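Asks: The structure that follows is given in the form of structure tokens.
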Amino acid sequence: MNYWLIKSEPFKWSWDQQVKKKTTAWDGVRNHQAAANLRAMKKGDRCFFYHSNEGKEIVGIVEIVKEFYPDPSDETGKFVVVDVKAVEKLPRPVMLTEMKQTKTLANMALLRQSRLSVCPVSPEEWAAINRLSGL
DNA sequence: GCCAACGTTGGC
DNA sequence: GCCAACGTTGGC
């Protein structure tokens, strides 16, 4: 199983909305590197759900329930979506500042490339963040 | 509100 | 194909 992190501005789409709707298409990705990550996702993979701008923290975990297919909101037909389902809320959100202070996480794609909205997470990073959150 | 880091567009 | 100008994201 692979691990990922997906970002959303809570004003546009928040964790609470994700929980309420349960399963949704993760649409609107218009960056090729982020899209490549979406294409690499497999059913059953887990993703951290990160609130950008407002919050700047990981709040929950979602699971990939459907692998990539064309983004209905993209007229060019180049970009894709995956379906994600809310799995669990972190016992305690993990803030960006905490991640920056954690040595194991220094090389995280999230920290190195702040603009990338879909990033890979290594198993070590996944475990370290779970530890920070109290899971 | 500012700015760094990118990505994209368009003139040449 | 290069590069300047511009737009966007997201942290601070």
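Asks: Cβ-Cβ below 7 Å, separation at least six or inter-chain, first residue in the range A:18-32 and among the hydrophobic types (A, V, I, L, M, F, W, C), second away from DNA strand B (no atom under 16 Å from the Cβ): which pairs?
Replies: From residues that are among the hydrophobic types (A, V, I, L, M, F, W, C), the pairs are A:V19/A:A86; A:A25/A:V81; A:A25/A:D83; A:W26/A:I6; A:W26/A:V81; A:W26/A:V82; A:W26/A:V84.
Asks: Residue under question is A:G60, and the condition is that it be modelled with pLDDT of 95 or more and in contact with a strand residue (DSSP E or B) (Cβ under 9 Å, 6 or more places away or on another chain); does it hold?
Replies: Answer is yes for this residue.
Asks: Among the candidates A:G44, A:G60, A:G55, which residue alone is assigned to a loop (DSSP other than H, G, I, E, B), surrounded by 15 or more Cβ atoms within 10 Å (Cβ to Cβ) and under 15 Å from the mean Cα position of the chain (by Cα)?
Replies: After applying the criteria, what remains is A:G55.
Asks: So which residues in the range A:37-74 are touching a helix residue (DSSP H, G or I) at 6+ places or on another chain (Cβ under 8 Å) and among the β-branched types (V, I, T)?
Replies: A:I58, A:V59, A:V62, listed by residue number.
Asks: Filter the range A:79-113 for residues that are within 16 Å of DNA strand B (Cβ to nearest atom) and among the charged types (D, E, K, R); which is nearest to A:G55 (Cα to Cα)?
Replies: That would be A:K100.
Asks: Just give me the residues in the range A:7-59 being within 16 Å of DNA strand C (Cβ to nearest atom), closer than 24 Å to A:S133 by Cα and in contact with a Phe, Trp or Tyr (Cβ under 6 Å, 6 or more places away or on another chain), in sequence order.
Replies: A:K7, A:W15, A:C47, A:F49, A:I58, A:V59
Asks: For residues that are surrounded by 16 or more Cβ atoms within 10 Å (Cβ to Cβ) and closer than 21 Å to A:N2 by Cα, scanning just the range A:66-78, find the one that is farthest from DNA strand B (Cβ to nearest atom).
Replies: Residue satisfying both the conditions and the ranking: A:E67.
Asks: Continuing with this model, one more query. Sort out which residues of the range A:79-112 are acidic (D, E), surrounded by 15 or more Cβ atoms within 10 Å (Cβ to Cβ) and touching a strand residue (DSSP E or B) at 6+ places or on another chain (Cβ under 6 Å), and write them in order of number.
Replies: The one that is acidic (D, E), surrounded by 15 or more Cβ atoms within 10 Å (Cβ to Cβ) and touching a strand residue (DSSP E or B) at 6+ places or on another chain (Cβ under 6 Å): A:D83.
The values are calculated or read from the model by the stated rules, or taken from the named source; none is laboratory data. Just so it is clear, the model here is predicted, and its values are computed rather than measured. No Cβ is skipped: glycine too gets one built from the backbone with ideal geometry, and neighbour counts run over all protein chains shown.
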